[in-house]
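The values are calculated or read from the model by the stated rules, or taken from the named source; none is laboratory data. Predicted model, so just to flag it, every value in this text is computed and none were measured. Positions of Cβ are backbone-derived with ideal geometry, glycine not excepted, and every protein chain shown enters the neighbour counts. Note: accessible area is taken over every heavy atom of the protein model, side chains too, but ligands, DNA and RNA are not part of it. Shrake-Rupley method; radii C 1.70, N 1.55, O 1.52, S 1.80 Å.
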Amino acid sequence: DAGVIQSPRHEVTEMGQEVTLRCKPISGHNSLFWYRQTMMRGLELLIYFNNNVPIDDSGMPEDRFSAKMPNASFSTLKIQPSEPRDSAVYFCASSLGGVSIKSEAFFGQGTRLTVV
Amino acid sequence: KQEVTQIPAALSVPEGENLVLNCSFTDSAIYNLQWFRQDPGKGLTSLLLIQSSQREQTSGRLNASLDKSSGRSTLYIAASQPGDSATYLCASYSGNTPLVFGKGTRLSVIA
């Protein structure tokens, strides 16, 4: 398996623009997680899905952020409108099993977002 | 709410030294604890996963231990090499909250 695949790897956008980050989890995994990493705050969970259903989105910072998982092999994280403080590295991760099965999580390479 | 702390934030050692990285967590009712490695500008690579029923896990030169009662985990690296230089992160899964991360220990192994 190719692992968790994220695109794009780098994104530079202007303040106010819409940004869409994409993630393809490992085939067969049914839990998917979106994290944000900054120097100040480290890795923070934004939202996670189990069997394509959002379980907890309490980490989503504002209504400007939204995430979807239309099927088991694809998820998006959208920021609209983007702001400079959204600049960070966004990671997607997946694991086998639902929240009752605490299995090993595998991370993608991340998307480095810069909002100018 | 689970909080995970890693001390020290940075560590520099000469090549060949054995070393221990520390991780502490506030909620001892964890399901598992996972150690990751992150190279600069890269994603996270899973190193070891310890389930709550286990005391330790080993992979090559790496050994991770878990003591739930004291809220601590350690990652032992034997015979360190320059290629081990990276940031090491620990994360715990407790309650219904997926991985909560510490801020990591940045390790430099000097040749």
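Name the single residue, out of those in region B:34-48 being charged (D, E, K, R) and at pLDDT 95 or above, that is farthest from the chain's Cα centre (by Cα).
Among those that are charged (D, E, K, R) and at pLDDT 95 or above, it is B:39.
Every residue in region A:46-83 that is within 14 Å of chain B (Cβ to nearest Cβ) and either open to solvent by 40 Å² or more (accessible area, probe 1.4 Å) or polar (S, T, N, Q) (or both), please.
A:50, A:53, A:54, A:55, A:56, A:57, A:58
Only residues that are in a strand (DSSP E or B), touching a Ser or Thr at 6+ places or on another chain (Cβ under 9 Å) and not small (Gly, Ala, Ser): list them for region A:51-80, please.
Within region A:51-80, A:55, A:56, A:68, A:69, A:70, A:76, A:77, A:78, A:79 meet the criteria.
I'd like the residue in region B:22-48 that is assigned to a loop (DSSP other than H, G, I, E, B) and without any contact (Cβ under 8 Å) to a residue 60 or more places away in the chain and, out of all such residues, is nearest to residue B:101 (Cα to Cα).
It comes out as B:26.
Tell me which residues, restricted to region A:1-37, are assigned to a strand (DSSP E or B), more than 17 Å from residue A:93 (Cβ to Cβ) and of a type outside the set (Asp, Glu). Step through it out loud before you land on a result.
Start the filter on region A:1-37 by keeping residues that are assigned to a strand (DSSP E or B), which leaves A:5-7, A:10-13, A:19-24, A:31-37.
The next check asks that each one be more than 17 Å from residue A:93 (Cβ to Cβ); those that pass are A:10-13, A:19-20.
Residues satisfying the conditions are A:10, A:12, A:13, A:19, A:20.
Tally the residues that are more than 13 Å from chain A (Cβ to nearest Cβ) and farther than 21 Å from residue B:8 by Cα, restricting the search to region B:54-110.
The total comes to 5.
A quick yes/no check of all residues on (1) more than 30 Å from residue A:90 (Cβ to Cβ); (2) of a type in the set (Ser, Thr, Tyr):
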site	(1), (2)
B:20	yes, no
B:41	no, no
B:47	no, no
B:52	no, yes
B:60	yes, no
B:63	yes, no
B:69	yes, yes
B:75	no, no
B:81	yes, no
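Every residue, every condition in (1) out of contact with any helix residue (DSSP H, G or I) (no Cβ under 6 Å at 6 or more places or on another chain); (2) at pLDDT 95 or above; (3) aromatic (Phe, Trp, Tyr), yes or no:
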residue: B:31; (1), (2), (3): yes, no, yes
residue: B:50; (1), (2), (3): yes, no, no
residue: B:68; (1), (2), (3): yes, no, no
residue: B:73; (1), (2), (3): yes, yes, no
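Which condition from (1) over 26 Å from residue B:105 (Cα atoms); (2) touching a strand residue (DSSP E or B) at 6+ places or on another chain (Cβ under 8 Å); (3) not β-branched (Val, Ile, Thr) is the one that residue A:32 breaks?
Result: residue A:32 passes all but (1).
Which of the residues spanning region B:52-111 are in contact with a Cys (Cβ under 8 Å, 6 or more places away or on another chain) and either open to solvent by 10 Å² or more (accessible area, probe 1.4 Å) or not small (Gly, Ala, Ser) (or both)?
Within region B:52-111, B:72, B:74, B:75, B:90, B:101 qualify.
Out of (1) open to solvent by 60 Å² or more (accessible area, probe 1.4 Å); (2) modelled with pLDDT of 95 or more; (3) out of contact with any Phe, Trp or Tyr (no Cβ under 7 Å at 6 or more places or on another chain); (4) away from chain B (no Cβ under 11 Å), the odd one out for residue A:24 is which?
With (1) open to solvent by 60 Å² or more (accessible area, probe 1.4 Å); (2) modelled with pLDDT of 95 or more; (3) out of contact with any Phe, Trp or Tyr (no Cβ under 7 Å at 6 or more places or on another chain); (4) away from chain B (no Cβ under 11 Å) applied to residue A:24, the lone miss is (3).
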